[in-house]
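What follows is calculated from the coordinates using simple rules that are stated; it is not laboratory data. Quick caveat, the model's predicted, so the values are computed rather than measured. Ideal geometry is used to build each Cβ from the backbone, glycine not excepted, and the neighbour counts take in all protein chains shown.
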Amino acid sequence: MKQLLANLTDTNLQTQNISNPQSFIVSSANFSDNICPQNLRADVFLAKQLNCSRAKIQQFITKQCFLCNGTPLTKFGTLLKKDDKITFNPPQTLQNTTLQGISSLEIPILYEDADLLILNKPHNLIVHRTNEEDTQITLVDWLQSKHFSLSHLGDSSRRGIVHRLDKGTSGAIVIAKNNRAHELLSAQLRDRTMSRYYLCVINQALKNPKIVDLPLMRHPKKRLKYLCTTPTNPNAKPSKSAFFNIATNKDSALIGAKLFSGRTHQIRVHLHAINRHILGDFFYGYRGSYQGRILLHAHLIQLKHPSSQETLRIYAPMPQEMQDFLKDSFCLERFDSEDGIVIPLDELYCKNFYENSLDTE
């Protein structure tokens, strides 16, 4: 719902009452006839102008979120006249929750230019809303509150989002500012020229560096959960991860992970498949005494700039609580710097796999 509000401000619509972001006036008279012809259906007009699916617009109309000349729109096929004015008012619960807390949310910008943003996402923040009833603040809400230019391919709730991170995962995330950049960055994900490296703490060290090449599928009974399956399963999605030790102690290990695909919960599910569990990840089988945040952080991302083709190598500093835990648990002096703990995961990956001929890429 917050995304729909932001789309109203991003289109070439005349808006009034800007000081009150809960209510926007949209006049169809501001459009040329070839964009908004006389007697156009309300759901068609709104879906096109708000870059929203027609089905979603119809859900809003059913909930009487739109007023036409002060009267609730109740029929999808209401024919709009040239001077009709449509007012959008989100439900009160969403009005309150989507606007609270954004101003106090701080998200470090690691890189920015006209094409893209790379942010250091905090943990406990979802990237985008999956349904309009969800009242959690999202990364997309924050981006739109800051008035960043964002790509608008696909669902309006995912504007700018090239890839995602789980709610509990912190670290580097790439945001596209325009559609061309989005398409080129997405292509890098598909052909694996964008490299994403993670740090995590697991409950038992790996015996050896390991490639896990197991497809994933959604759990048939627990819809929020994923599991490994066979390649012949019709629901299988190819998934591949690489894991390697960085530092160990008698109770746990700091490891690096590289993704070759980007499935939901991929690192967590692949580790579960080899009987390893990230500290704090009770959802996928951790049973230890640690009670803090899940210790998973997207530490390094490498990509080709969509315009200049320059290689960008961007580190996302770990949150302080994770750095403190690592310093208390492992000997990492060789990685400590003025900027905190910085671990060259790409170099360690190459040392563990290319030099040992374990990488199957």
³J(HN,Hα) computed for each position of the stretch 292-309 - Karplus, 6.51 cos²θ - 1.76 cosθ + 1.60, integer Hz, glycine/proline x: x, 4, 4, 8, 9, 9, 7, 8, 9, 9, 10, 7, 8, 4, x, 9, 7, 6
So, in the stretch 143-264, how many Lys pairs have Cα atoms under 15 Å apart, if the pair is 8 or more places apart or on different chains? 7
Enumerate the amide H contacts of Leu110 below 5 Å, restricted to partners 5 or more residues apart or on another chain; note that Pro and chain-start residues carry no placed amide H. Ile118, Leu119, Asn120
Note down the relative contact order for the stretch 244-361 as a percent, whole number, built from C-alpha pairs under 8 angstrom at least six residues apart. 18 percent
Estimate the FRET efficiency between Ile102 and Thr193 by the formula 1/(1 + (r/R0)^6), using the beta-carbon distance for r and 30 Å for R0, to the nearest 0.05. 0.35
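What GluC sites (Glu not before Pro) does the stretch 316-347 have in DSSP loop regions with at most 11 other beta carbons within 10 Å? Please report the intermediate quantities before stating the final value.
Values: sites: Glu321, Glu333, Glu338, Glu347; in loops: Glu338.
Sites meeting the loop and neighbour criteria: Glu338.
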I'd like the distance between the alpha-carbon centres of the stretch 146-199 and the stretch 303-352, rounded to an integer number of Å. 20 Å
Mind giving me the nanometre distance, one decimal, between the label points for Ala273 and Arg287, set 7 Å out from Cα along Cα→Cβ? 2.2 nm
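In debye, nearest 20: dipole of the stretch 132-222 around its Cα centre with unit charges on the Cβ of K, R (+) and D, E (-)? Spell out each step's value before the answer.
Details: 15 positive and 9 negative charges, 74 e Å.
That gives the stretch 132-222 a dipole magnitude of about 360 debye.
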So for R0 = 41 Å, FRET eff. of Arg313-Thr130 from the Cβ-Cβ r, to 0.05, ends up at 0.80
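Could you work out the equivalent-ellipsoid semi-axes for the stretch 147-280, taking the square root of 5 times each eigenvalue of the Cα gyration tensor, largest first, in whole Å? Please report the intermediate quantities before stating the final value.
Details: eigenvalues 159, 69, 39 Å².
Each semi-axis is the square root of five times an eigenvalue, giving 28, 19, 14 Å.
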Residues whose modelled amide H sits under 5 Å from the amide H of Asn178, counting only those 5 or more places away in sequence or on another chain, are Ser151
Would you list which aspartates and glutamates come within 16 Å of Lys56, measuring only between C-alpha atoms, while excluding same-chain residues fewer than 8 positions from it? Asp43, Glu132, Glu133, Asp134, Asp155
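Beta carbons within 10 angstrom, averaged per residue: use that to sort the peptides 70-82, 50-62, highest first. Mind dumping the intermediate values first?
Details: 70-82: 13.6, 50-62: 17.2.
Per-residue mean Cβ counts within 10 Å order the peptides as 50-62, 70-82.
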If R₀ is 35 angstrom, what is the calculated FRET efficiency for the pair Asn233 and Arg164, using the beta carbon separation as r and rounding to 0.05? 0.90
So, for the Cα atoms of the stretch 292-361, Rg and Dmax in Å stand at 14.8, 43
